Amino acid sequence: MAQQSALTPQAEDFPRWYQDVIAKAELADNGPVRGTMVIRPYGYGIWERIQAELDARIKAAGAKNAYFPLFIPESYLTREAEHVEGFSPELAVVTHAGGAQLAEPIVVRPTSETVIGEYMAKWVQSYRDLPLLLNQWANVVRWELRPRLFLRTSEFLWQEGHTAHATREDATAYAQHIQLEVYRDFLVNVLATPTYVGIKPPSERFAGAINTLTCEGMMRDGKALQMATSHELGQNFAKAFEMRFQSSEGKEELCWTTSWGASTRLVGGLIMAHGDDQGLIVPPRVAPIQLVILAIKETPEVTAVVTKLGDALRTAGIRVEIDRGSGSFGRRVVDWEIKGVPLRLEVGPRDLEQGHVILARRDTGDKQSLTVDTVVSTTTALLADMHDEILASATMRLETNTHEVNSVDEAIEASSGGFGRISWDLLVDGGEAQLRDQAITVRCLQRADGSLPVDEQESGLVALVAKSY
RNA sequence: CGGGGAGUGGCGCAGCUUGGUAGCGCGCCUGCUUUGGGAGCAGGAGGUCGAGGGUUCGAGUCCCUUCUCCCCGACCA
């Protein structure tokens, strides 16, 4: 049987590969309204893993979950000038409800700074109430002209954190803490995606923020993807919503606020950062299924061993699925490869006669045979190694496709299949616009050593430029 | 909004030039055989051809109107 590839090869047409893999791995479907997305169980399983890992880190950072309404009075949005200007083109507005036209239109939240600001103002009276650290898991709507599943949908799922602080320093420190200890830590240790952490140039900043921090990842086609951001909002929203508190000296002062978010876009990032021509490669810690046991043929012996192994692996804390399915061996293997399940344990009558089973890795394709009694220990160790190796190869790709450049022309060249690293000074005077004409943007600004700058005025900053999703 | 395409079973497409029984691949269902890298054979289900109007004995095909979707250019997690 001629081996025909199940997916469009990445090198042939990357966007097509992306669509193919989403369909064939059963991650998502287009919704009935343009730009909307149906997340299928396997895709949602990945999102649930992302949620669990992020939520734990957010709680460790001291924030507590709450929930605010989907509907926001239009007048709230208009209170912060930059914010409303930034978001008005993509708002969905409800003008009719209950069979009548509404006196004041209601906006479907594109983000919740405004409602949350209103309530924070109510809850904060004293410096003793600060910092106020909130997070919510929610859906938001931003009407998109060019939707792409997971990457840009008109409705998406995310977490949005909102905090209020007594001082600017405290707010700055918290935004940085979230960016590094929540987002970067998650991206490295769970998603196995190395990123460049930096600040956005003014042109790319969140509407209403005085500073935006970002983690920029590189996809396998060399394009950038913004994976998570946190914003220092200064006192812009505090002013608009009169978030005041009485200091220990008895003076009335304005709060300093932050907001920060990560969305279902992360699933898109996961797909494009690791996937290959055989399908997804899901790193073990984010994998809803870490190991699939594939019963090659259902003899009583195979069934017994498969059941026993499944129980043992689950007891060891590994997320296991058993495939006793009908259908050919090859077909089932290909299907699990497309889904990117990290490990596949093949159990057949022939193996059992010889007293072993076969363990195959999705990322490298390596197979080994091992005795039944060593399966749990081998698997546990291998899952840990696989995370490190997937991260290492992604890091290698990030580094080899990032080029130091010294001119705008070289930056354009570097952006054809990766990132350019260029002195920010070379871009401030018209260079950024020149890049933008080539669909290249400044993804973030860093210090020369890769650390986070305070603001874009700092001298000696380096810009990472690339085409992006 | 400017430019370019496409609407035909679940998905991907042919048929239209030159009107005459609506087809192909994949998928799906049933049965038998097969499960060690996308199984084989046999049988079967499933379509108001985007919508409306017109021409004609007869329209997927020709004419008019209309709707929708996709791709490329200005925003965004």
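The GluC sites (Glu not before Pro) of the stretch A:389-463 that DSSP puts in a loop, and whose beta carbon has at most 16 other beta carbons within 10 Å, are A:Glu458.
Only Cα pairs under 8 Å and 6+ residues apart enter the sum, and on that basis the relative contact order of chain A stands at 15 percent. The radius of gyration of the Cα set in chain A, together with its Dmax, comes out at 24.6, 82 angstrom.
The slack between A:Ala439 and A:Ser5, meaning 0.36 nm per residue of separation minus the straight C-alpha distance, is 153.0 nm. Just to confirm the filter: which chymotrypsin sites (Phe, Trp or Tyr not before Pro) across the stretch A:218-279 are DSSP coil and have at most 15 other Cβ within 10 angstrom of their Cβ? In loop regions of the stretch A:218-279 (DSSP not H, G, I, E or B), there are no sparsely surrounded chymotrypsin sites (Phe, Trp or Tyr not before Pro). I need the calculated FRET efficiency for the pair A:Glu321 and A:Asp449, taking r as the beta carbon distance and R₀ as 35 Å, to the nearest 0.05. So the FRET efficiency works out to roughly 0.20. Roughly what angle does helix A:14-24 make with the longest principal axis of chain A, taking Cα atoms, 0 to 90 degrees, to the nearest 10? The two axes meet at around 60 degrees. Per atom type, chain A shows carbon and sulfur on 49% of its accessible surface, probed at 1.4 Å. With protein chains left intact and a 1.4 Å probe, residues in the stretch A:371-469 average 48 Å² of accessible area per residue. Rounded to the nearest whole Hz, the Karplus-based 3J(HN,Hα) values (6.51 cos²θ - 1.76 cosθ + 1.60, θ = phi - 60°) of the stretch A:122-131 follow the sequence 6, 8, 9, 10, 10, 4, 5, 7, 10, x, with x at glycine and proline. The residues of the stretch A:175-249 expose on average 28 square angstrom of accessible surface per residue, using a 1.4 Å probe on protein heavy atoms. Tell me, what HN-Hα J-couplings in whole Hz come from the Karplus equation 6.51 cos²θ - 1.76 cosθ + 1.60 at θ = phi - 60° for each residue of the stretch A:158-172, using x for Gly and Pro? Whole-Hz 3J(HN,Hα) from phi for the stretch A:158-172: 7, 10, 10, x, 9, 9, 10, 10, 7, 10, 4, 4, 5, 5, 4. If R0 is 51 Å, the Cβ-Cβ spacing of A:Thr307 and A:Ala173 corresponds to a FRET efficiency of close to 0.45. Please determine, in degrees from 0 to 90 and to the nearest 10, the orientation of helix A:265-274 with respect to the longest principal axis defined by the Cα atoms of chain A, where the helix direction is its Cα long axis. The angle comes out near 50 degrees.
In this label model, A:Asp366 and A:Glu298 are separated by 3.4 nm, measuring between points 7 Å along each Cα→Cβ vector.
Considering only A:Thr299, A:Leu343, A:Pro202, the residue lying farthest towards the positive end of the dipole of chain A is A:Thr299, judged by Cα position with unit charges set on Cβ.
For chain A, the longest principal axis of the Cα atoms and the long axis of helix A:375-400 meet at an angle of about 50 degrees. The orientation-averaged shadow of the Cα convex hull for the stretch A:14-274, equal to a quarter of the hull surface, comes to 14.6 nm².
The values are calculated or read from the model by the stated rules, or taken from the named source; none is laboratory data. All of these numbers come straight from a predicted model, not from anything done at the bench. Here Cβ is always computed from backbone atoms with ideal geometry, including for glycine, and neighbour counts include all displayed protein chains. The protein model used for the area step is the full one, side chains on, heavy atoms only, and it has no ligands, DNA or RNA in it. Shrake-Rupley method; radii C 1.70, N 1.55, O 1.52, S 1.80 Å.
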